[in-house]
Amino acid sequence: MSEFLNQFKQLTATGYLFWVLAILALLSAIWVVTARNPIHSVLALIATFFCLSGHYILLNAQFLAAVNIIVYAGAIMVLFLFTIMFLNLRKEDEESKTNLTKMAAVVVGGLLMVMLITIFRAKSAQVPTFNPVSFDSRTGLVENLGNLLYSDYILPFELASVLFLVAMVGAVMLGRREAGDRHF
Amino acid sequence: MDLTVLLVKGLIILVIFGITLLIATYSTYAERKVAGFLQDRLGPNRAGPFGLLQPIADAGKMFFKEDFIPAQASKWLFILGPCLAMLTALMSSAVIPFGDSIRFGEYTIPMQAIEINIGVLYIFGVVSLGVYGIMVGGWASNNKFSLLGAIRAASQNISYEIALGLSLIAILMMTGSLSLRAIVEEQATFFEWNVFTQPLGFIIFLTCAFAECNRTPFDLPECETELVGGYHTEYSSMKLGFYLFAEYINMFVSSAFISSLYFGGYHYPFMNAVHDALTGSMGEITGHNIATAIGTVVFFAKIFFFIFFFMWVRWTIPRFRYDQLMNLGWKTLIPLSILNVVVTGAGLLYDIKYTTWLIVVVMVVLAVMSSARAPKSQAAPQRA
């Protein structure tokens, strides 16, 4: 215990920020799963995304932080909220909460946890520690990210954009009104 | 970072915060005065000289009204809604450069709350969060009309955000930076103001700014005739005040954003000559500071013009129908802004900055031709 306290005292301001953000992220992530009301769940998920953006900023990845907020918190979560408001899930929907689904959820969640722990403990995936010689504080800035994306990773980048285009066209095709359809 | 610099920085942040609130307060007064002027009446003129105390009287009225929470409403979310609206509105003015820089001693401090190299993305992120205030409030009210208003508002904001972002991309391509200060510095000479190099982008951006602020002609989320009062039907007292106030803050921030993105920010013609004359006659530091002050005044003049423009449009143009709004957003503005990006890129390839005028010219020609071809409407017979 005292060892932990000593370690805690030696933290820098960034270290404290990291711990606060990590605890907040975990708490709000737990709230996402445990909340009875789906709207509360979505709001907690938004809070989680904010904590993750805070972590990105701590890692000097400003661009990723901003894009995370814009895309996830600003667009995708709005659509989540939208759908939930339309579905009106307020009344307790007990049909979908049978013992079978609960068991399946526990098994899937447990498997995911085991897999993640294995990945983090794998020797080949160990993240190298901080090295002051090769450290560049500008790595995560938008200019460097853009240069990297458009030089080394041009093929995956373009493939991803083609995938998005296909998904968009597919969504439009599925949502299109056929000639004889009713208006809504 | 020195302690003095930190103190001055804190002072600047406080001043910007205060100015934002003050301007939003007096925008409510200005709105009613402009409405009075456009409708040929006087507007508020009882509270204080020229009715200048009217905003304070209104605030007092708001505070003393009954703060009502509907019985079946989800209480905390009902309170959270207006708070979120206010918070996101106030956050966005942090990255706007209000002036060049203040010098004292050996320090040079930019007139800006925070200078980050992703300023445009920051504003974009905050704007995209603004919709939560409306959605949470509308849903928590437990009222069909509020929910419908909230859903309308959300779909409108999401739809117009896309065109807003795409019209911005053309500017980012010309500047090569996401920092607002870099974008303003790029427009140092008068004919390089982005409104001259990006006329189409400016019009798209302006339209989308109107839609994002929920201002007429796009104020469908609070359309009284269809939705009682929209997302804030159930709100009263200062919670309603927060929603209304957030709209005025958004208007101020949008005006500041438009002026700094398209109208050169704190730049004005012959500003270098003025700067040189001032530093020559008053010494390096005082002259520079006074030149900065003049630039800031010019910037605020631009902002006030755009706030006036917002009001002018509100009291002139009627509301759109909802399907018209969606058609305009998805079928007109988004394709046009993509075309704008492509043409700007082609122009940059050959180092020509003014290529987007081509689209404007083509569009004007098409509009004139279609209006010339359209059957002449018959003059309505006049009654005696």
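A compact table of results
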read-out: Members of region A:28-87 that are in contact with a Leu (Cβ under 7 Å, 6 or more places away or on another chain), closer than 24 Å to A:Phe18 by Cα and of a type outside the set (A, V, I, L, M, F, W, C); value: A:Gly54, A:His55, A:Tyr56, A:Gln62, A:Asn68, A:Gly74
read-out: Which listed residue, of B:Ala73, B:Ala59, is touching a residue at least 12 places away in the same chain (Cβ under 8 Å) and either crowded, with 18+ Cβ neighbours inside 10 Å or under 18 Å from the mean Cα position of the chain (by Cα) (or both); value: B:Ala73
read-out: Inter-residue pairs, beta-carbon under 7 Å, first modelled with pLDDT under 85 and in region B:1-30, second outside any helix (DSSP H, G or I) and surrounded by fewer than 13 Cβ atoms within 10 Å (Cβ to Cβ), 6+ apart; value: B:Thr4/B:Tyr107; B:Val5/B:Tyr107
read-out: Residue pairs meeting the criteria (Cβ under 7 Å; at least 6 apart or on separate chains; first in the same structural domain as A:His55 (by the TED database), in region A:1-14; second hydrophobic (A, V, I, L, M, F, W, C) and part of a helix (DSSP H, G or I)); value: A:Thr14/A:Leu58
read-out: Filter result for the condition that a residue is farther than 30 Å from B:Ala30 by Cβ, part of a helix (DSSP H, G or I) and of a type outside the set (Lys, Arg), over B:Thr296, B:Thr292, B:Thr332, B:Thr355; value: B:Thr332
read-out: Residue check, B:Pro97 in contact with a strand residue (DSSP E or B) (Cβ under 7 Å, 6 or more places away or on another chain) and either part of a helix (DSSP H, G or I) or buried (at least 23 other Cβ atoms within 10 Å of the Cβ) (or both); value: yes
read-out: Helices (runs of 4 or more DSSP H) fully within region B:156-236 counting 2 or more residues that are in contact (Cβ under 8 Å) with a residue 12 or more places away in the chain; value: B:180-186, B:194-197, B:199-212
read-out: Single unsatisfied condition, B:Ala113 versus (1) of a type in the set (Gly, Ala, Ser); (2) in a helix (DSSP H, G or I); (3) under 19 Å from the mean Cα position of the chain (by Cα); value: (2)
read-out: Any pair with Cβ under 8 angstrom, 6 or more apart, that starts in region B:100-129 at a residue that is away from chain A (no Cβ under 12 Å) and over 16 Å from B:Gly10 (Cα atoms) and ends at one that is crowded, with 19+ Cβ neighbours inside 10 Å and among the aromatic types (Phe, Trp, Tyr); value: B:Asp100/B:Tyr266
read-out: Selection status of B:Met86, more than 12 Å from every other protein chain (Cβ to nearest Cβ) and either at pLDDT below 85 or at positive phi (or both); value: no
read-out: Selection from region B:130-158 of residues that are under 24 Å from B:Leu336 (Cβ atoms), of a type in the set (S, T, N, Q) and within 11 Å of chain A (Cβ to nearest Cβ); value: B:Ser155, B:Asn157
read-out: Total residues in region B:100-120, condition crowded, with 21+ Cβ neighbours inside 10 Å and in contact with a Phe, Trp or Tyr (Cβ under 7 Å, 6 or more places away or on another chain); value: 4
read-out: Scan of region A:21-39 for residues that are among the hydrophobic types (A, V, I, L, M, F, W, C), loosely packed, with under 13 Cβ neighbours inside 10 Å and at pLDDT below 90, ordered by number; value: A:Val33
read-out: Test: residue in region B:324-347 that is modelled with pLDDT of 85 or more, buried (at least 16 other Cβ atoms within 10 Å of the Cβ) and charged (D, E, K, R); value: no
read-out: Region A:51-84, subset touching a residue at least 60 places away in the same chain (Cβ under 8 Å) and at the interface with chain B (Cβ under 7 Å from one of its Cβ atoms), residue surrounded by the most Cβ atoms within 10 Å (Cβ to Cβ); value: A:Gln62
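The values are calculated or read from the model by the stated rules, or taken from the named source; none is laboratory data. As the structure is a computational prediction, the values presented were derived from the model and not from experiment. Note that each Cβ is placed from the backbone with ideal geometry, even for glycine, and that neighbours are counted across all protein chains shown.
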